[in-house]
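K.L.:
Take this structure, written in structure tokens, and hold onto it; I'll ask about it next.
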Amino acid sequence: MDVVHLCQKQTAARWNISEATLERWRSAGIGPKFLKLCRRVAYRQVDFEAYEESCLQISTSQSVAAHAQSN
């Protein structure tokens, strides 16, 4: 399996958010895992897909993960 990496610009475009938002998230320690290689930031596809999965919601008050744990 090949590991796919996306740069900050590609990740921001995928989620329709600004690159500044991703920078804030990294600074605050939130958002998907990222790699920092020689002052360049990259996101592994598996990591941002895992982050997307963790953000899934069943309702406004319950996440998919919390729902699965209660069943």
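K.L.:
Looking at the range 36-43, is at least one residue basic (K, R) and either in a helix (DSSP H, G or I) or at pLDDT 95 or above (or both)?
P.N.:
no
K.L.:
Condition check: loosely packed, with under 13 Cβ neighbours inside 10 Å, part of a strand (DSSP E or B), modelled with pLDDT under 95 and on the phi < 0 side of the Ramachandran plot. Does I30 satisfy that? Before the answer, list the steps.
P.N.:
Working: loosely packed, with under 13 Cβ neighbours inside 10 Å: yes; part of a strand (DSSP E or B): no; modelled with pLDDT under 95: yes; on the phi < 0 side of the Ramachandran plot: yes.
No, not satisfied.
K.L.:
Could you run through the range 11-20 and say how many residues are surrounded by fewer than 12 Cβ atoms within 10 Å (Cβ to Cβ) and in a helix (DSSP H, G or I)?
P.N.:
Selection size over the range 11-20: 1.
K.L.:
Tell me which residues, restricted to the range 25-38, are within 13 Å of the chain's Cα centre (by Cα) and more than 17 Å from V4 (Cβ to Cβ). Reasoning before the result, please.
P.N.:
Of the residues in the range 25-38, the ones within 13 Å of the chain's Cα centre (by Cα) are 25-26, 29-35.
Of everything in the range 25-38, those that are within 13 Å of the chain's Cα centre (by Cα) and more than 17 Å from V4 (Cβ to Cβ) turn out to be W25, R26, G29, I30, G31.
The values are calculated or read from the model by the stated rules, or taken from the named source; none is laboratory data. Only a predicted model underlies this, so the values are computations on that prediction, with no experimental measurement involved. Here Cβ is always computed from backbone atoms with ideal geometry, including for glycine, and neighbour counts include all displayed protein chains.
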